[in-house]
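Have a look at the structure below before the remarks.
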Amino acid sequence: MKLGKIKINHYINYLVIGLLLIVLSSMTVAGVRFDNSLLFLLEKVAIGIILAVSLSLVVGFLGELSLGHAGFMCVGAYLGGKVAALLVPALGNGVLAFVISLLAGCAAAAVCGIIVGIPALRLRGDYLAIVTLAFGEIVKSLFRNTSYESFGGTLGLDTPRFDKKYLFIIAFLLVLLTLMVVQNYIRSKHGRAVTAIRDNEIAARATGINVTKYKLMTFTLSAALAGMAGVLYSYSNYTVQSTQFGYNYSIEMLVMVVLGGMGSINGSIIAAALITWLNTWLPTKLTGDLAVLQNLLYALVLIVIVIYNNAPKLKGFRDKYNLGVLLNKFKKHDASKINDDKAKWDVVPTKISMDEVLSVDFTPQDLGPDKEGGRK
Amino acid sequence: MEVILSTLINGLSLGGIYAMIALGYTMVYGIAKMLNFAHGDIIMVGGYVIFVVMATGNPLLAVAVAVIACVILGITIERVAYRPLRGASPLAVLITAIGVSYLLQSLAQIIFGSAPKMVTVYEFGSVQFLGATVQVASLVTMAVTVVVMAVLTLFVKYTRLGRAMIAVSEDRDAAQLMGINVNAIITITFAIGSSLAALAGLFYLMKAPNVSFTMGAMPGIKAFTAAVIGGIGSIPGAMLGGILLGVVESISYKITAIAPYTDAIEFSILIIILLVRPTGFLGKKRREKV
Amino acid sequence: MKKILAILMAALMIAAMFTGCGSEKSYTANNTEYVIGVSGPLTGAAAIYGKAVQNAAQLAVDEINAAGGLNGIMFKLEMMDDQHKADKVSGNYSALLEKGMQLSLGTVTTDPGKEFKNLSVEDNVFFLTPSASGDEIPANDNGYQMCFADGNQGKVAAQFVNENYAGQTIGLFYKSDDNYSKGIYDQFKANLDKSVTTVETSFNEANTTDFATQIDTLKSCTFIFMPIYYTPASIFMTQAKDLLAKETVYYGCDGFDGIDSADGFDINSIPQKVTMLSHFNSKATEGAAKTFIDKYVAKYGKDTLNQFGASAYDCVYALYGAMKKAIDGGKKIPVTITASELCEILKSEFQGGYTVTGAVTGDNITWDAKGYVNKSAIQYVIKEAS
């Protein structure tokens, strides 16, 4: 659908979030007082969306796995929170102090992203996963062992909390900023280079793309955005404690990205909102020992969705029964038309057949169906 | 002198456990080309099986049942979660592995609760050696690790099955063309890795007599770190990396000033190694082919 | 164009969902009982403490209600799970307020307690925490502790060591990344005589099971101060039983309570002596503690019996007693009183010489101006050397 030259699909998420924000903030200005639990939920949803979208940049578009996203958030939360704690007495708890601490938090997280990215991203394979995992543990342990005066040590850092009546507005403005940065990056020349690297690194290298540079750039951007979410976190809580930012939190973000569909920004947004809401709602339903079922649910979501979406043998099944096909049945559209629309940036480009073009290797499929037990 | 000796022996026995886990990681990585994140949690399952069977009071039976259970678990995981993804992107396999790891942990938490359980497998006692008190269990751990590594190296080098493993590791498609049953080889690899994990669980219990649902997580991550430091895919490398990490950890805990930063130190070593020598100490350089 | 309309409709519908919320309102207006709110870990590794608080507080509430409540008005306990995480507290706290919370037991543990203390001062909600022992938990004037603050435990322990081990070498074993342990450790060190030399070693969250190196470090010590919880302590003792001298004395704080009933740990299998400094002994054989233990075990079993529960039981009675005293003194506490109004009443009581007598965790309990508890710590011998 087009409005003149502007494609509405590019802007649909800004539109929804922007509209929601305008309605809610005008209500706030008009004097409506929302329940605190709702305000807290909105803040957490915004933080969740920023995290999921930024992680999606690495997992969905770069095709690398980061298991230390919470670590970058932790750096942002501590550094941003510390700067805020120092500035607020001088500047007041206002927007200026917030912006400065936001920049500080983002910068700190970005620097960490570069430090972690340099050793891991020039290698091929699963190194980024393990290095980011290690990074998350290092950060946790370092902040936990700081002195009380510097970063609060075991007790955690005391941070100023923004007026909770208005924080959600800032939070959603940051969500819009994140979307703008990420979507423009993906649609730019750089974004296409990144997708090319994901689909075939060797081919991308052969066409002259500086693979390490683009990988590092994308990863650093993602880390900086996670740092931003961290600063927001520090502003929405009185205490920043490094134990919050453990492995489980990183996995939760991964679940959001996988549930939303890897490479789909809109999917990540919806999944982030859904999971954040589930995190507050499920504990009221699954009390006591049942609360563990939540983790079990996340685990199953990860396994089932990934196998369903990726298993080579399920391809025929997927093509027949997927959300797009089902939706198109209702719309009475021609399914092929949708796929021809090159403007659909938010659909993962299906694995380009670069492999087939460049590869002379035999794959088992070339030898007929890959039967159990290999050759018969 | 006495202090140095006892620290060293502690480090070596801890390193032995890491090496044992790292061997499993490195074999699966080398042959199935995947990072089996759930490997650490197989240790945990082994620990719980030992805990349950120890109700009979027979340590040998407990160990045997644990090894068998872990082998079955390893093969099942490979069949159900990883095999459908053969040929899919490495990222998909990695995320599934994390899902499996998370699944095992939550299942254990549901079944056994979150509080750790104490279990004493067998008490070897301790001996005096050059003035230092040495746990016999530590010596047993070290001895078994060395034997296992030697047997594995010989197995891979000199048996038909072992050579088939190398072939699959070098070039899966070519191996298949040569008549090697790739799926069977990968299943066997998982079985060997899982049985090593069960043994690691046993040694862990001899050192620290309690099981909890997170007991495999940290040793798993550290063992993978060890495997990368030693050179992923290399059997002696896993051994070397494990021992190195164990000794570093032991020394670091000994020095009061840096003790709180022990984990940070260990993981920093990983990052430095990847910067300086990405293939690890004993890893082979791989050439990318189109 | 249809699509834009659809988006507009969706946004308006979402907005309509929120319009139900009115302007500033009192959540306590519809209360038919006094509502006590508490946030604590009911799941995760610390669940055992949260459950103990939940059970014991409920026990006290039931008893008070069975006896006719406070002038006919009943009490109600609302507990929410925070999994021992600070970022769950903001949600829990506001949910509790919306459920009509008028007074609170704060949080069960210190990590989330820090967040709770800051949130509760905004709305002026009175809380008396049974077990969040961090030194800064009662920093604001609406917060009080029933347990000893960590720093105070460290001071008392240091005095004991100064008296008994002057000029000697003692061992120190603590958890470096834990609030409770570090809090006690810092004050212990600060108050220790120069004549006492220490051999220190620590562990952290990443390794709570393998203490070979630490035991080796402490080999020469015959007195070891261990401000840690009983689970790692029992693991340490099991591993150290043959490696440390039989005359060694383990000395812990209230975290040791429960060590003699730890799962799979037989305290009689170790030769060393185990002592602790605490306000409650779960093996008590007389007095209010015995009565509490009997009632608790009859209703909830032995598994979760510990000092957290005992302290929570006392908290409920202390709050009840203070409210009763205020009413007897001529103040009015209607069932729909707001948290802030009740807070002012309770603050004036707690600062006005209010004393709790005959409680489970001590007799003649008072509070100082900072909100720290004054009661006597008792040194218990859990097990003699054998």
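Could you list all residues from the range B:13-34 that are more than 11 Å from every other protein chain (Cβ to nearest Cβ) and either under 13 Å from B:MET239 (Cβ atoms) or not in a helix (DSSP H, G or I) (or both)?
Listed by number, the residues that qualify are B:GLY15, B:GLY16, B:TYR18, B:ALA19, B:MET20, B:ILE21, B:ALA22, B:LEU23, B:GLY24, B:THR26, B:MET27.
Report yes if A:GLY125 is under 27 Å from B:LEU274 (Cα atoms) and either among the acidic types (Asp, Glu) or modelled with pLDDT of 90 or more (or both), otherwise no.
In short, no.
Kindly list the number of the only condition in (1) more than 14 Å from every other protein chain (Cβ to nearest Cβ); (2) free of Cβ contacts under 8 Å to residues at least 12 places away in the same chain; (3) in contact with a helix residue (DSSP H, G or I) (Cβ under 9 Å, 6 or more places away or on another chain) that fails for C:LYS290.
All conditions are met except number (3).
Just checking, does the range C:13-21 include any residue being outside any loop (DSSP other than H, G, I, E, B), touching a helix residue (DSSP H, G or I) at 6+ places or on another chain (Cβ under 8 Å) and modelled with pLDDT of 90 or more?
Checked against the condition, which is being outside any loop (DSSP other than H, G, I, E, B), touching a helix residue (DSSP H, G or I) at 6+ places or on another chain (Cβ under 8 Å) and modelled with pLDDT of 90 or more, the range C:13-21 yields no hits at all.
Here are some conditions: (1) β-branched (Val, Ile, Thr); (2) within 18 Å of B:ASN36 (Cα to Cα); (3) outside any helix (DSSP H, G or I). B:ILE229 meets all but one. Which one does it not meet?
If we test B:ILE229 against (1) β-branched (Val, Ile, Thr); (2) within 18 Å of B:ASN36 (Cα to Cα); (3) outside any helix (DSSP H, G or I), just (3) comes out false.
So which strands (runs of 3 or more DSSP E) are wholly in the range C:140-224 and hold at least 3 residues that are surrounded by 19 or more Cβ atoms within 10 Å (Cβ to Cβ) and either within 14 Å of chain B (Cβ to nearest Cβ) or free of Cβ contacts under 8 Å to residues at least 24 places away in the same chain (or both)?
C:169-175, C:197-203
Identify the single condition in (1) over 30 Å from C:GLY44 (Cα atoms); (2) surrounded by fewer than 24 Cβ atoms within 10 Å (Cβ to Cβ); (3) modelled with pLDDT of 90 or more that B:ILE265 does not satisfy, given that it satisfies every other one.
(1)
So C:GLY50 ticks every box in (1) assigned to a loop (DSSP other than H, G, I, E, B); (2) in contact with a His (Cβ under 9 Å, 6 or more places away or on another chain); (3) of a type outside the set (Val, Ile, Thr); (4) crowded, with 20+ Cβ neighbours inside 10 Å but one. Which box is left unticked?
For C:GLY50, the failing item is (1).
Tell me, please, whether a residue that is more than 15 Å from A:ILE270 (Cα to Cα) and more than 13 Å from chain C (Cβ to nearest Cβ) can be found in the range A:44-52.
No, every residue in the range A:44-52 fails to be more than 15 Å from A:ILE270 (Cα to Cα) and more than 13 Å from chain C (Cβ to nearest Cβ).
Search the range B:109-119 for residues being in contact with a Ser or Thr (Cβ under 8 Å, 6 or more places away or on another chain) and modelled with pLDDT of 80 or more, and hand back the single one that is farthest from the other protein chains (Cβ to nearest Cβ).
B:LYS117
Report whether or not B:ALA184 is surrounded by fewer than 14 Cβ atoms within 10 Å (Cβ to Cβ), small (Gly, Ala, Ser) and farther than 30 Å from B:LEU5 by Cβ.
No: the conditions fail for B:ALA184.
Which condition does B:GLY237 not pass, out of (1) more than 9 Å from every other protein chain (Cβ to nearest Cβ); (2) farther than 14 Å from B:GLY280 by Cβ, if it passes all the others?
Status for B:GLY237: all satisfied but (2).
Kindly check whether there is at least one residue in the range A:156-165 that is of a type in the set (Ser, Thr, Tyr), closer than 30 Å to C:PRO112 by Cβ and part of a helix (DSSP H, G or I).
No: the range A:156-165 contains no residue that is of a type in the set (Ser, Thr, Tyr), closer than 30 Å to C:PRO112 by Cβ and part of a helix (DSSP H, G or I).
Go through the range A:103-126 and count every residue that is crowded, with 24+ Cβ neighbours inside 10 Å and within 17 Å of B:GLU266 (Cβ to Cβ).
Of the residues in the range A:103-126, 2 are crowded, with 24+ Cβ neighbours inside 10 Å and within 17 Å of B:GLU266 (Cβ to Cβ).
If you take the residues in the range A:134-164 that are at pLDDT 85 or above and touching a Gly at 6+ places or on another chain (Cβ under 6 Å), which one is nearest to C:ASP178 (Cα to Cα)?
Filtering first and then ranking leaves A:LEU157.
Which members of the range B:82-118 meet the condition of being within 24 Å of C:ALA47 (Cβ to Cβ), more than 22 Å from the chain's Cα centre (by Cα) and of a type in the set (Gly, Ala, Ser)?
Within the range B:82-118, B:GLY113, B:SER114, B:ALA115 qualify.
Go through (1) out of contact with any helix residue (DSSP H, G or I) (no Cβ under 7 Å at 6 or more places or on another chain); (2) in a helix (DSSP H, G or I) and name the single condition B:ALA264 misses.
The number of the failed condition is (1).
Among the candidates B:ALA62, B:ALA81, B:ALA97, which residue alone is more than 14 Å from every other protein chain (Cβ to nearest Cβ), part of a helix (DSSP H, G or I) and surrounded by 19 or more Cβ atoms within 10 Å (Cβ to Cβ)?
Going through B:ALA62, B:ALA81, B:ALA97 in turn, just one is more than 14 Å from every other protein chain (Cβ to nearest Cβ), part of a helix (DSSP H, G or I) and surrounded by 19 or more Cβ atoms within 10 Å (Cβ to Cβ): B:ALA62.
From the list C:THR361, C:THR355, C:THR336, pick out the single residue that is among the β-branched types (Val, Ile, Thr), within 28 Å of C:PHE292 (Cβ to Cβ), surrounded by fewer than 19 Cβ atoms within 10 Å (Cβ to Cβ) and in the same structural domain as C:ASP141 (by TED's automatic domain parsing). Lay out the reasoning, then the answer.
Details: C:THR361 fails: surrounded by fewer than 19 Cβ atoms within 10 Å (Cβ to Cβ); C:THR336 fails: within 28 Å of C:PHE292 (Cβ to Cβ).
None of the others qualify; the one that does is C:THR355.
Hey, among the residues in the range C:225-235 that are hydrophobic (A, V, I, L, M, F, W, C) and part of a helix (DSSP H, G or I), which one's farthest from the other protein chains (Cβ to nearest Cβ)?
Among residues in the range C:225-235 that are hydrophobic (A, V, I, L, M, F, W, C) and part of a helix (DSSP H, G or I), the one farthest from the other protein chains (Cβ to nearest Cβ) is C:ALA233.
Could you tell me which of the residues A:ALA193, A:ALA129, A:ALA204 is among the hydrophobic types (A, V, I, L, M, F, W, C), part of a helix (DSSP H, G or I), over 20 Å from the mean Cα position of the chain (by Cα) and buried (at least 19 other Cβ atoms within 10 Å of the Cβ)?
The unique qualifying residue is A:ALA204.
For the range C:271-286, how many residues are outside any strand (DSSP E or B) and in contact (Cβ under 8 Å) with a residue 60 or more places away in the chain?
Qualifying residue count, the range C:271-286: 6.
Please specify each residue of the range B:249-262 satisfying the condition of being in contact (Cβ under 8 Å) with a residue 40 or more places away in the chain and closer than 16 Å to A:SER141 by Cβ. Even if it seems obvious, please write down each step before you answer.
Of the range B:249-262, the ones in contact (Cβ under 8 Å) with a residue 40 or more places away in the chain are B:249-251, B:254.
Scanning the range B:249-262 gives a single hit, B:GLU249.
Report, by residue number, each residue of the range A:207-245 that is surrounded by 24 or more Cβ atoms within 10 Å (Cβ to Cβ), among the β-branched types (Val, Ile, Thr) and within 30 Å of C:TYR93 (Cα to Cα).
Residues satisfying the conditions are A:VAL231, A:THR239, A:VAL240.
How about the range B:127-209: which helices (runs of 4 or more DSSP H) wholly inside it have at least 1 residues that are more than 14 Å from every other protein chain (Cβ to nearest Cβ)? I'd like the intermediate steps shown before the answer.
Details: elements: B:136-158, B:160-170, B:172-177, B:182-207.
Where helices (runs of 4 or more DSSP H) fall fully within the range B:127-209 and carry at least 1 residues being more than 14 Å from every other protein chain (Cβ to nearest Cβ), they are B:136-158, B:160-170, B:182-207.
Any residue that is among the polar types (S, T, N, Q), surrounded by 24 or more Cβ atoms within 10 Å (Cβ to Cβ), at pLDDT below 90 and within 14 Å of C:PRO41 (Cα to Cα) - is there at least one of those in the range C:99-108?
Taking the range C:99-108 and keeping what is among the polar types (S, T, N, Q), we get C:102, C:104, C:107.
Right, trim to surrounded by 24 or more Cβ atoms within 10 Å (Cβ to Cβ) and you get C:102, C:104, C:107.
Keeping just the survivors that are at pLDDT below 90 gives none.
No, the conditions are met nowhere in the range C:99-108.
Only one of these is more than 12 Å from the chain's Cα centre (by Cα) and modelled with pLDDT under 95: A:LEU42, A:LEU103, A:LEU57, A:LEU67. Name it. So that I can check it myself, show each step before the final result.
Values: A:LEU103 fails: modelled with pLDDT under 95; A:LEU57 fails: more than 12 Å from the chain's Cα centre (by Cα); A:LEU67 fails: more than 12 Å from the chain's Cα centre (by Cα).
Answer to the selection: A:LEU42.
The values are calculated or read from the model by the stated rules, or taken from the named source; none is laboratory data. The shown structure was predicted, so the numbers you read here are calculated from the model rather than taken from an experiment. FYI the Cβ positions are ideal-geometry reconstructions off the backbone, even for glycines, and counts take in every protein chain you see.
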